[in-house]
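The values are calculated or read from the model by the stated rules, or taken from the named source; none is laboratory data. In this text, all values refer to a predicted model and were calculated from it rather than measured experimentally. All Cβ positions, glycine included, derive from the backbone under ideal geometry; neighbour counts span all protein chains shown.
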Amino acid sequence: MAAAVTVAALAWQQHQHLTGEAQQQAAIVDTAKQGITALINISGDNAAADLTRLNELTTAPFSDELHNQSANYVKAIHDADVLSTGQVIAAGIATEDGTARGGEGTTVIVAADAQVTDPQTHQQQRRSYRFSVTVKQVHGVRKVSDVEFVP
C-alpha cells in the first residue's frame, strides 16, 4: 500500500512539473509572438506610438538598437507613409534557456505574414517573414532581447 501511495505521489509530482514547464514554454512563445506582432504592425500615422508599444516588449540589446534608431525609424516610417498589418502564423521554441545566442534566454522561431500597403498605388503586397527571437526574463518579466530575420 505504501508503495502505491509513493508511486502515485511521484506521478502527481511529475505531472505538476510537466504542466508548469509547458505553461512556461507557452508564455515564452507568447512573448515572442507579441514582439513580432508589434514589429510588423506599423503605420506612418502612428509610428511613434507603434515604436513605444514595441519598446515596452523589449530589453537590451534589442531595446538599445530601437532606442538608438528611434528618431530615424519614426521619421522613415512617417515619411514613407508605411502601413503594415500582419499576424503570426506559427511559433515554436528552437533552443531552451542558456543555449540562445549570447548564452541567455530562449530562442523562438516565428513565422508571420503581413500586408504592406504601397502608399503610391494603395496596393497591398503580401510579405512572409521568419524571425529568430530571443526571449529572456528581466526582473520577473519576459522580454524580447534579440530579433533576426531568418532566410
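Data overview
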quantity	calculated
Failed item in (1) closer than 20 Å to ILE109 by Cα; (2) exposed (fewer than 14 other Cβ atoms within 10 Å of the Cβ); (3) of a type outside the set (A, V, I, L, M, F, W, C), with ASP30 passing the rest	(2)
Criterion violated by LEU54 - all others in (1) in contact with a strand residue (DSSP E or B) (Cβ under 7 Å, 6 or more places away or on another chain); (2) at pLDDT 90 or above; (3) in a helix (DSSP H, G or I) satisfied	(1)
Residue in region 15-33 that is outside any helix (DSSP H, G or I) and at pLDDT below 85 present	no
Residue that is free of Cβ contacts under 8 Å to residues at least 12 places away in the same chain, within 22 Å of THR31 (Cα to Cα) and over 14 Å from the mean Cα position of the chain (by Cα), where the choices are ASP50, ASP64	ASP64
